[in-house]
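Input: a single structure, listed below in structure tokens.
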Amino acid sequence: MSDAPLFGKVALIGIGLIGSSIARGLKAVPLAGAVALADRSDEVVARARALDLADVVTTDLAAAVADADLVVVCVPVGACGAVAEAIAPHLKRGAIVSDVGSVKGSVVAQMTPFMPGHVHFVPAHPVAGTEHSGPDAGFAELFHERWCIITPPPGAAPEAVARLTRFWQALGSKTEVMAPDHHDLVLAITSHVPHLIAYNIVGTASDLEQVTESEVIKFSAGGFRDFTRIAASDPTMWRDVFLHNKDAVLEVLGRFTEDLIALQRNIRWGQGDQLFDLFTRTRAIRRSIIDQHQDTADPDFGRARK
Ligand code: NAP
């Protein structure tokens, strides 16, 4: 087997949680001969240099992608079109261009018109994250044992899809191929609407006038605390997710609202059997998530005992 890295040069645009985690992963696994990072923010670039995240760190997107064999766009979903337009004239012939956006249909629609015919555009979404953002938040193990969903457009070159798949697998991910619309519906129910529910419950609690904020914080271990972790996620990223996955989120939210009203009726009319049946079904789902190593079985999500 050849020891040559998978790509001569990899360029990452956007040095936040995801971009800096990939950069750290590339230090741990030699997949690239050279790595260039670019971000629009001088402050972020200075921090990434101080952290020694790559060979080249710059605010010049064109210079970063020049000669790159793989370009991964790691900016909020709403900025993907502008980044595609900025880098398009500087892309190397035959390069693979990908992204990490949490929404796929909109990213494909935004980026495709700018992609030159001589590059391979293969979007992807690593389903791995935390509530933190910025270059300090990243870590190489972020993708370990997590799914990366690859959404190649019809007619994508199989060799380009295979190389991007190998890239994510070498960073520790399990990979799956999906159509963008299906991805957006699956993520609406598994990620986007749960985040919206967390933002909403934390907002409701902070508006409750009869309960003081200190009580909300003091007694938060009753369940509220777990919502606050999700509701601490990056406001820019999540604003863009909801604006760009509007149809699927509204579809799932419609179903959710109907089910919530049904629960409200069950409580009002004392229909304990219905509540018990649902809570039994949901407990089984939690068990399958643990069985598939997607979370810890420890009580209280593995928090250290006090
Ligand atoms: P992040 O930590 O906020 O970092 C994004 C970086 O991109 C910031 O430094 C931002 O700079 C920069 N940026 C924004 N617009 C830009 C532009 N036009 N040109 C160059 N740089 C630009 O975000 P993240 O959490 O890494 O998320 C990045 C992408 O990954 C998003 O599309 C998100 O949907 C996806 N994703 C996130 C997670 C997660 O849990 N966080 C998980 C999976 C996928 P400014 O600060 O100046 O705006």
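The values are calculated or read from the model by the stated rules, or taken from the named source; none is laboratory data. Source: prediction; values computed, not measured. Here the Cβ is made from the backbone with ideal geometry for all residues, glycine too, and neighbour counts use every protein chain on show. In case anyone asks, the SASA skips ligands and DNA or RNA and just uses the protein heavy atoms, side chains included. Shrake-Rupley method; radii C 1.70, N 1.55, O 1.52, S 1.80 Å.
Could you list, in sequence order, the residues of region 31-86 that are among the aliphatic types (A, V, I, L, M), in a loop (DSSP other than H, G, I, E, B) and more than 29 Å from Phe242 (Cβ to Cβ)?
Scanning region 31-86 gives Leu31, Leu51, Leu53, Ala54, Ala66, Ala68.
Just to be sure before I move on: is Gly101 closer than 30 Å to Thr190 by Cβ, part of a loop (DSSP other than H, G, I, E, B) and within 13 Å of the ligand (Cβ to nearest atom) in the structure I sent?
Here the answer is yes, as Gly101 does meet what is asked.
Name the pairs: first residue in region 102-128 and in the same structural domain as Ala68 (by TED's automatic domain parsing), second residue modelled with pLDDT of 95 or more and open to solvent by 40 Å² or more (accessible area, probe 1.4 Å), Cβ to Cβ under 6 Å, at least 6 apart or on different chains?
Between residues of region 102-128 that are in the same structural domain as Ala68 (by TED's automatic domain parsing) and residues that are modelled with pLDDT of 95 or more and open to solvent by 40 Å² or more (accessible area, probe 1.4 Å), the close pairs are Val103/His244; Gly105/Asp181; Ser106/His244; Phe114/Glu85; His118/Arg93; Val127/Arg146; Val127/Trp147; Ala128/Arg146.
Looking only at region 125-177, which residues are surrounded by fewer than 19 Cβ atoms within 10 Å (Cβ to Cβ), among the aliphatic types (A, V, I, L, M) and in contact with a strand residue (DSSP E or B) (Cβ under 6 Å, 6 or more places away or on another chain)?
Across region 125-177, the qualifying residues are Ala157, Val177.
In the same structural domain as Gly14 (by TED's automatic domain parsing), out of contact with any Leu (no Cβ under 7 Å at 6 or more places or on another chain) and at positive phi, is that true of Glu131?
no
Away from the ligand (no atom under 16 Å from the Cβ), in a strand (DSSP E or B), exposed (fewer than 15 other Cβ atoms within 10 Å of the Cβ) and at pLDDT 95 or above, is that true of Gly94?
Judged against the criteria, Gly94 is not a match.
When Arg229 is evaluated against the numbered criteria (1) away from the ligand (no atom under 16 Å from the Cβ); (2) under 27 Å from Lys174 (Cα atoms), which criterion, by number, is the only one it fails?
(1)
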